[in-house]
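Bear in mind these aren't lab numbers, they're just calculated from the coordinates by the rules spelled out. These figures come from a predicted structure and were not determined experimentally. Here the Cβ is made from the backbone with ideal geometry for all residues, glycine too, and neighbour counts use every protein chain on show.
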Amino acid sequence: MQRFAWLGLVWLVVAGALWTAPAMAQTAFAPRDESPEDFVAGAGRNETFYACTACHGFRLVAQQGMTRAQWEDSINLMVRRHGMPPLDEKDRDTVLNYLEAAYPPRAPAGRGGWVNPFAK
Ligand code: HEC
């Protein structure tokens, strides 16, 4: 039986790892730490947030400023190149309406920079 004493040690290590894993998961950074409320308010924010955060943080989206046509291209690219499931027409409209209103092209540099359209 002595020969199997190491099993007890293995068990301790495994149990210890299982015990501390949840605590570590809470402190480690993950894109999931973002929530829709962190971003510009507007109709369709939740739908857009959840449609776009399956693969990357929403910050990646929010740091862009584009026209509706460019946002459309961007979504097409996600579908074509990155395997995003295509949105049906209604969802696509909801998402585009939000992105167009919340993240328009930035004002040219030197003229006060980007203006939040919801802060007016
Ligand atoms: C199926 C996975 C997936 C989904 C869903 C997805 N993306 Fe992406 N997206 C990617 C990948 C992969 C990249 C490139 C890698 C990276 O930068 O993380 C990317 C990059 C981007 C970029 C940066 C492009 C650049 O030129 O740097 C933008 C903007 C973007 N996505 C917008 C969106 C928007 C808007 C949505 C929701 C409508 C969305 N993505 C949903 C996979 C996805």
Footprinting exposure proxy for SER74, SER35 (fewest neighbouring C-beta atoms within 10 Å first): SER35, SER74
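Would you tally the net charge around ALA101, using a Cβ to Cβ cut-off of less than 11 Å, leaving ALA101 out, and scoring K and R as +1, D and E as -1?
Details: positive: ARG45, ARG68; negative: GLU100.
In short, +1.
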Counted neighbours (other Cβ, 10 Å), sorted fewest up, put LEU60, LEU99 in the order LEU60, LEU99
